[in-house]
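Some notes on the structure that comes next.
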Amino acid sequence: MATFIILSRISPEAFSDPFEFKKIAERVSSKIKSECPGVVWKESYATTGRFDVVDIVESDDPKEIAKAAMIIRSYGHSTTETLTGTPWKEFLELL
């Protein structure tokens, strides 16, 4: 399976009360689980930098990753940037 990193920045207009974010996150997670069965969620991190959320996911189908990112954008009121990830050892072996 290929590894992908989805970087998300949540819109300031997404919610007015921080407690609403938990409901949004649950809705996004549920939607991705039902509509993107080939996506395996490995880790998620809240960050305090340029992006609000970093998700590490795996899939054999890049189209499912694109669909998951679109769900995050639409239901999570976010912008996303998706990167492919190569484990460091594998990368070094390519050189």
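Observations on the structure shown:
- Hey, Ala68 open to solvent by less than 50 Å² (accessible area, probe 1.4 Å), touching a Cys at 6+ places or on another chain (Cβ under 7 Å) and hydrophobic (A, V, I, L, M, F, W, C) or not: yes
- Any hit, segment 45-56, residues being open to solvent by less than 90 Å² (accessible area, probe 1.4 Å), assigned to a loop (DSSP other than H, G, I, E, B), of a type in the set (A, V, I, L, M, F, W, C) and in contact with a strand residue (DSSP E or B) (Cβ under 7 Å, 6 or more places away or on another chain): yes
- Test for Ser74: is it among the small types (Gly, Ala, Ser), at negative phi and loosely packed, with under 15 Cβ neighbours inside 10 Å: yes
- Test for Ile5: is it open to solvent by 30 Å² or more (accessible area, probe 1.4 Å) and at negative phi: yes
- Asp17 being among the charged types (D, E, K, R) and either in contact with a Lys or Arg (Cβ under 6 Å, 6 or more places away or on another chain) or surrounded by fewer than 11 Cβ atoms within 10 Å (Cβ to Cβ) (or both): yes
The values are calculated or read from the model by the stated rules, or taken from the named source; none is laboratory data. Given the structure is predicted, the values throughout are model-derived calculations rather than measurements. When we count neighbours, we look across all protein chains shown, and the Cβ atoms used for this are built from the backbone with ideal geometry, even at glycine. Protein only, heavy atoms only, side chains kept; ligands, DNA and RNA dropped before computing areas. Shrake-Rupley method; radii C 1.70, N 1.55, O 1.52, S 1.80 Å.
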